[in-house]
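Here is the structure we will look at.
The values are calculated or read from the model by the stated rules, or taken from the named source; none is laboratory data. Nothing here was measured: the structure is a model prediction, and the numbers come from that model. Positions of Cβ are backbone-derived with ideal geometry, glycine not excepted, and every protein chain shown enters the neighbour counts. Remember, those area values only see protein heavy atoms, side chains included, never the ligands or the DNA or RNA. Shrake-Rupley method; radii C 1.70, N 1.55, O 1.52, S 1.80 Å.
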Amino acid sequence: MAHDSAPLAAILSRFRKIGIIGIPPLAVIRTANEHGLVIHDLDEPLVREDLETASPFLPRVYCAILRTAVVNALHLELDAIYVDTGPGKCDCALHTATILAEALPIPVISTKNMDSVAYGTPLCQACLPLTARMVAITAGVKSAAPYDKPMQPCLPTAAFWGVPPRDFSILDLFPATTHIYGWARCMENKTPADHELEALYNPQVPTVFFAQSFCAKTALARYLAKKHPHALYLDVDVHTSSSARAKVQAFLELSGVHP
């Protein structure tokens, strides 16, 4: 698909509701905003359907995020889907786009997000409940507007490195003074393919390196956790298990971190 503004505007002007998988280029989001389109982030659980309904299309060894995207795509009324299949996402997203293009009667458009203009990471460093900040970061992928409210960064007592989890309940275990790193920070910065930013971490604070099970980023999460002097590596599949919660709670408590 061409990314110069005229063809993009002409294409998007035909739609009312689109879905996105990953983070399509800002040109797509900005044009969709200008045309008043409703944008659904298909990476988030949006419909009350069993995740197993994705099984005819994706194997269970695909991460819960992409399986969730397929379930949403199958059950939501959409005019088109834009999928980031560039280095900011993964090859599995590319294969998912191919499969959905065959399965659905609507256009499934592959894009490669190589945006490099930094929007900043105020939420990642603010003193606010971690869950609320992650909700705001993920919601931000549907807007191309610049951030207009500067936030004073707090002194961190803990850190969460990784992708936004499918099950946000695990974030409730962290204090408000938790800084966010990893791909979630790239999301807020609107540069999902910035691998240098993604690999950044703070060796001075206890850090949970999180990845969604079966995600390619589990390799980077585990690698960085081994380098970090005070880290917990954790991968979680669909839901946060009691075991995962206990690991995070014990790690934070033994690190002297309090909610």
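Computed quantities for the displayed model
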{"read-out": "Size of charge dipole - the chain - debye, nearest 20, with Cβ of Lys, Arg +1 and Asp, Glu -1, no other charges", "value": "360"}
{"read-out": "Per-pair calculated FRET efficiency, R0 = 45 Å: Q204 and D79 via Cβ, rounded to 0.05", "value": "0.40"}
{"read-out": "In nm, spacing of pseudo-spin labels at A9 and N33 (7 Å Cα→C-beta vector)", "value": "1.6"}
{"read-out": "Gaussian network model of the chain, springs between alpha carbon atoms under 10 Å - residue of A184, A139, A69 with greatest fluctuation", "value": "A139"}
{"read-out": "Quotient of C-alpha Rg and 2.2 N^0.38 Å, computed over segment 116-161", "value": "1.18"}
{"read-out": "Extension gain, R245 back to D148 (0.36 nm per residue minus Cα-Cα distance, nm)", "value": "31.4 nm"}
{"read-out": "Largest-first ordering by accessible area, 1.4 Å probe, given options K227, K112, K217", "value": "K112, K227, K217"}
{"read-out": "Listed values [x] 18.1, 57; [y] 18.8, 67; [z] 24.0, 81, entry calculated as Rg and Dmax of the Cα atoms in Å", "value": "[x]"}
{"read-out": "Accessible area per residue, Å², segment 145-245 with all protein chains present, probe 1.4 Å", "value": "44"}
{"read-out": "Per-selection Rg to Rh, segment 1-109 - Cα, Kirkwood hydrodynamic radius", "value": "0.95"}
{"read-out": "Rg [Å, one decimal], Dmax [Å, integer] - segment 144-236, C-alpha atoms", "value": "13.1, 38"}
